[in-house]
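Contents: one structure, followed by commentary.
What follows is calculated from the coordinates using simple rules that are stated; it is not laboratory data. Just so it is clear, the model here is predicted, and its values are computed rather than measured. No Cβ is skipped: glycine too gets one built from the backbone with ideal geometry, and neighbour counts run over all protein chains shown.
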Amino acid sequence: MTDAEAATRSRFGLALALVLALAVAGNAAMNLLIPPPLYVFVALVLALLAVLVAVQVGGCDARDLGLERAQLGHGLRLGATAAALLAVVLAVGVALPATRDLFADRRVDQDSVTLLLYHTLVRIPLGTVVLEETLFRGVLLGLALRRWSPRAAVAFSSVLFGLWHLLPARGVSGFNPVVATATQGTLRHVLLLVLAVAATALAGAVLCWLRLRAHSLAAPAMLHLAGNSLAYLLAWTVLHSTP
């Protein structure tokens, strides 16, 4: 191994370690420590720090991170198509009696219209989507692709994306009556957490595929935004339309 190759590998390892440390600290802080009003600010700071580490330490450029301006239009078109398809699926899910109750998330039960607009138009897009897409489909995937095969990079990013949702998944049975009924008991609750991580990892793989297909972070970001904001809006609609 040449000195240049050794230096490149060392920079990669350091950048990856720093980004993972940021992710772990940020995940714990946002789920356990910081008050809700600071969520968007902390998310944006974490996203910025992750990008700075990837560029300054890991040697990534805009193309590596899916931020190349020339690919933005293609990314937006592909993302819009995927978001429209997801919107149809969610609408069908709400319309069918067999699946309608799955949208009854009690976390939005007391939300006013103002809070609804804040969550769907500010907190989710500027907090959740910007941070998670930048971190997992931008920085971590971009760093991994510089050293590993696309399959290995996608698997790495997607598994971490699933684990990122472990803390939020702890309380899901307390917010949805259907899930609560199905997960009574410690063993079933553990199984729920495993399934939640696996399902989120699978979603992460789909988002990675969109990112690689579009060569732009805009595509997975649009699908992610549609999924989270539309699901929140539909949950609010279901709960407020139930007698």
Charges only on Cβ, +1 for Lys and Arg, -1 for Asp and Glu: so what's the dipole of the chain about the Cα centre, in debye to the nearest 20?
300
Once you place label points 7 Å from the Cα toward the Cβ at residue 14 and residue 147, how far apart are they in nm?
1.3
Residue by residue through segment 130-145, the couplings from Karplus 6.51 cos²θ - 1.76 cosθ + 1.60 with θ = phi - 60°, in Hz, x for Gly and Pro, are 4, 5, 5, 6, 4, 6, 8, 8, x, 6, 5, 5, x, 4, 4, 5
Can you pull the semi-axes for the chain, root of five times each eigenvalue of the Cα gyration tensor, sorted largest first, whole Å?
33, 20, 17
Would you mind calculating the relative contact order of the chain from Cα pairs under 8 angstrom and at least 6 residues apart, reporting the percent as a whole number?
33
